[in-house]
Amino acid sequence: MEKERPTWSSRVAFILAAVGSAVGLGNIWRFPYIMGQNGGAVFLVVYLGLILTICFIPLFTELTIGKITKKECIGTYEQISPKLKFLGFLNPFTGVLISSFYFIVGGWIINYIYLGIKNAQISNYESYFGTFVQNPVTPCIFTILFLFICIYYAGRGIKKGIEFANNVLMPVFAVILIILTLFSLSLPNAHLGLEYMFKPDFSKLNVHMFLAALGQALFTLSIGMGALLTYGSYIGEDKNITKTTYTIIFSDTFFALTAGIMIFPAIFSFGLEPSSGAGLVFITIPQIFAQIPHGNIVSVLFFFLLFAAAVTSGISIIEVPIASMIERCKITRAKACTILFFIIGIISIPATLSFGILGNYTIFNKNIFDFLDFITSSMLMPINALCLCLLGGWFFKIKGKDFIQNKFLANIFDIGLKYVVPIILAGLLYIGLN
Ligand code: PFF
């Protein structure tokens, strides 16, 4: 058991860790493909609308509750009433489920870095990727390796592990992203990709697009899983949560848009399909690298970019169950990490095999991997976010006037927290279930 509750070493370290949690595969892998599947620019309009209007409230609330209680998720709910403890459990549970598919993608990334370093010549990435994910052994090994890396940093604790990983990987991530974006914009016909991203066709608008955009917004901002609550609980006394919330929202949106500007011009320049789904980054993009001079170097850079983003987010995902295990079961961080390593390792194996030998096994018409993605981002995260808003508005009585000077905006915050955001979340959940 940790002797004292750890705290961040500085305000910058906390912001970097919170941004590191938000900016991840959700920005570079998930955002472009979900946008590609949902009609391009029109999805972007809906997504930005949600980010700029309703997302501030749950994000701010999650960080603030953590800062107030200085407890992990289960203890936070228990503080209100022991009967609500089960809602607290839902957070580390969601974290374990997210890890078991998130880390599989982390494993694929390590494989692609390895391919780039070995300068492997692959003529057809579609069949390569299909064969790779069907293999019952290799993807499992890479998944476990990725899990091990995240557990290793989380195991070293807040300052030596989590802060260190973020301080090193986030700047590397930003530099590589900018280099690759400039490269993509210099390709012939890059403007077609920009038009796809920024010229909306409103005839494609539909309700399910709102659900997809909300799921993506919650996922990318790390709202509704307790990661921000847990990170918030490590804040010392005087950190300004309002500024941190804006920093997370703006940097996450900036990185998602930049990732789109990196990916879509390249796709259009090579005449490829933007709506190819989860394989966009693993099939379509490598096809581009295969056609350019020194493509293997660009490929290593690109997948290292993804790797850096995935590790900093992955650490924040597992910190939720780790903090709960340390504080509830009174065990050491090392023990909690070891137990979690086995739990996530075991759950991720069937998800890894869902592309191969367990391919015929479906839940609600989805394979195990897609089911885990769906149940977490479209169900559990909105449910957790809904509960956190109710907790913040009705039990912790977070009030806009305490941090917003403008009276009108402060009132809007209060109404949003107590009524509007919970109703929107509940409504979209209802639509999702039907
Ligand atoms: N926000 C991360 C991403 O965009 O990849 C994923 C994530 C991290 C989701 C932490 C949830 C979470 F609590």
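Annotations
- Identity of the residue in region 262-300, of a type in the set (Gly, Ala, Ser) and at pLDDT 85 or above, that ends up nearest to Glu126 (Cα to Cα): Ala290
- Considering (1) in a helix (DSSP H, G or I); (2) under 30 Å from Ala266 (Cα atoms), the lone condition that Cys337 does not fulfil carries the number (2).
- The residues of region 51-68 that are closer than 22 Å to Lys199 by Cβ and either at pLDDT below 90 or away from the ligand (no atom under 15 Å from the Cβ) (or both) amount to a single one, Leu52.
- Every condition in (1) out of contact with any Leu (no Cβ under 9 Å at 6 or more places or on another chain); (2) open to solvent by 10 Å² or more (accessible area, probe 1.4 Å); (3) part of a helix (DSSP H, G or I); (4) more than 11 Å from the ligand (Cβ to nearest atom) holds for Val45 except the one numbered (1).
- If the condition is being open to solvent by less than 10 Å² (accessible area, probe 1.4 Å), away from the ligand (no atom under 12 Å from the Cβ) and part of a loop (DSSP other than H, G, I, E, B), then region 216-253 contributes Tyr234, Ile235.
- Residue in region 261-281 that is nearest to Leu16 (Cα to Cα), counting only those that are more than 16 Å from the ligand (Cβ to nearest atom) and open to solvent by less than 20 Å² (accessible area, probe 1.4 Å): Phe264
- Condition met for Glu195 (modelled with pLDDT of 90 or more, surrounded by fewer than 24 Cβ atoms within 10 Å (Cβ to Cβ) and away from the ligand (no atom under 15 Å from the Cβ)): yes
- The set of residues from region 294-333 being within 22 Å of Phe129 (Cα to Cα) and not in a helix (DSSP H, G or I) comprises just one member, His294.
- Yes/no for Phe289 being open to solvent by less than 20 Å² (accessible area, probe 1.4 Å) and of a type in the set (Phe, Trp, Tyr): no
- The one condition in (1) modelled with pLDDT under 95; (2) assigned to a helix (DSSP H, G or I); (3) of a type in the set (A, V, I, L, M, F, W, C) that Leu90 fails to fulfil: (1)
- Only listed residue being over 25 Å from Phe282 (Cβ atoms) and open to solvent by 40 Å² or more (accessible area, probe 1.4 Å), chosen from Asn167, Asn91: Asn167
The values are calculated or read from the model by the stated rules, or taken from the named source; none is laboratory data. What you see is a predicted model; the values in this text were computed from it and never measured. Cβ sites come from the backbone with ideal geometry, for glycine too, and all protein chains shown count toward neighbours. Note: accessible area is taken over every heavy atom of the protein model, side chains too, but ligands, DNA and RNA are not part of it. Shrake-Rupley method; radii C 1.70, N 1.55, O 1.52, S 1.80 Å.
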